Amino acid sequence: MIRLLRRLLTLIETQDTQESPPSNSTLCSYNKQPVLPQGSSPVGLQNWLSINHPEYSMSSWCFYGSLIDKQSSKMAGISTIVQQQQDFPKQPPYIAEWSLCDQDTNGYVVIPFLLSSPSKVKYKKPFKIDIDLFEKIDTLSIQLISGKMGEAGARYQLSGVDISFHLDTWQYNIILHDAFGAIQVGYGPQSFLPQYLSKEQSEAISNEYQGSVQNYLEDTEDTMQGQGSYYYSLPLLEVEHFTIKKNNQPYMAGDSGHIWVDYVVQGFTTDSLKKLGKASWRFFAIQFPASLNQQLAGPAALMISMVQANPANQWENVNTASFYYNQNNTTTNGAIRPEVVWQMDSIVFSPTKFWTAPDGSKIPVEFEITLESGNSKSLIKAKANCDNQFIPYVDKYEGIFNVTANIQTDTFEFKNLQGFAWAEVH
């Protein structure tokens, strides 16, 4: 679900977790009642999204998506990430990143920030995060510049000056406008999203609740404590204007593109670190801008997550898929509810074309996803913006895909939707 979380878990997998087990951090769990601030009101959600949560193992902001150069129409994948963390063996209290990938870079430019000193990270209300590794040389900033955090109409700025491993200096400034607002990715008032299930939980969900995690949680007393995260997204931030310079020379500039934002808070146990460290992930954050789809009255978004268990972990796969369209369909805290949630067993990923990565692995650069709901079937087709979106430092593949989709349920249908996905397909 989050790039840095998966990189972190990859590193932890090679370490002895007995050296430094998780401390007494708070664990996320499902609750039918709004027991935490983010579930109780719009103000509570705004505040939750705006601050880090050191009482948990991790709180992470991830901005990722597409930028389109106005002059050449070239599309680039870009991300800006800040993650506060604790409980991870041999890891600093903050990790962050700026990255860029397009045809000209022929792969990723990845600039990480591994911050052992929390003093290098500054917070300011209502929402601003500044990282200053070396003054005016390595900097990164995320901030709200108008409106309210998580609400449609809010505007954000991403900016920084970063030095790559090749000693190139990259400077960027991106202004974003939220066309949609925050969505509830998980279940219940706190938006709890499980990341793994026990065999007993999986069997009960499949056999007694027809694959519905939501119905299982609502009907039982199982809180799945420590098995997931509190997960919200801002799926459709439209690019108002951006500039990117390389070595003080213009590289890209324009006024179009779309960014997806994830904000995830999670508490880990030693057991959950062992389980998730050996999992494989597929993640699809799909945007359907209104400007590309005349059949839509407004923008839409589709999020699909597929967590594949390692058999040795003795836990089961977790698949989720949700479609968001009606901006008036909100929870008590103002987050937008999904119009449809597909059940665990109804999500099928089918690669149709592969690219060979530098490590020899076969990466799906074209694929289809089918989603079944009642007697209806939705079909998503995706093609990578460029083949080489491989991150050699961690042997992962993710980036921009162009998408066409037919979304069909028993109550509505949208044909030939056009959009973009940030996809992780390794």
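The values are calculated or read from the model by the stated rules, or taken from the named source; none is laboratory data. In this text, all values refer to a predicted model and were calculated from it rather than measured experimentally. FYI the Cβ positions are ideal-geometry reconstructions off the backbone, even for glycines, and counts take in every protein chain you see. These area figures cover heavy atoms from the full protein model, side chains too; ligands, DNA and RNA do not enter into them. Shrake-Rupley method; radii C 1.70, N 1.55, O 1.52, S 1.80 Å.
Points worth noting:
- Computed with a 1.4 Å probe on the full set of protein chains, the accessible area for GLU372 sits at about 90 Å².
- Put simply, when 38-45, 323-330 are sorted by average Cβ atoms within 10 angstrom per residue, most first, you get 38-45, 323-330.
- Rounded accessible area of HIS258 (nearest 10 Å², 1.4 Å probe): 20 Å²
- GNM top mover of ASN375, ASN406, ASN247 - the chain, alpha-carbon springs below 10 Å: ASN375
- Computed [θ] at 222 nm, deg cm²/dmol, the chain (DSSP H ≥ 4; -39,500 (n - 2.57); rounded to nearest 500): -3000 deg cm²/dmol
- Which of ILE363, ILE380, GLY399, positive extreme of dipole for the stretch 352-399 (C-beta unit charges): ILE380
- Lys/Arg +1, Asp/Glu -1 at C-beta; the chain dipole; positive extreme among GLN266, TYR172, PRO92: TYR172
- Highest mean packing first, where packing is the average number of other Cβ atoms within 10 Å per residue, the peptides 85-93, 221-229 line up as 221-229, 85-93.
- FRET efficiency, LYS124 to ASP410 (Cβ-Cβ, R0 30 Å, nearest 0.05): 0.05
- Reach of LYS275 by Cα under 27 Å, taken over lysines that are not fewer than 8 positions away in the same chain: LYS32, LYS90, LYS199, LYS362, LYS396
- Averaging Cα coordinates gives a centre for the stretch 376-426 and one for the stretch 110-171; these two points are 28 Å apart.
- Rounded to the nearest 20 debye, dipole of the chain from Cβ charges on Lys, Arg, Asp, Glu: 800 debye
- Pairwise label distance in nanometres, LEU296 with ILE145, each label 7 Å out on the Cα-Cβ vector: 2.4 nm
- Computed about the Cα centre, the dipole magnitude for the stretch 38-161 is approximately 360 debye when only Lys and Arg (+1) and Asp and Glu (-1) carry charge, each at its Cβ.
- In this Cβ point-charge picture (+1 for Lys and Arg, -1 for Asp and Glu), the stretch 348-426 has a dipole of about 180 debye about its Cα centre.
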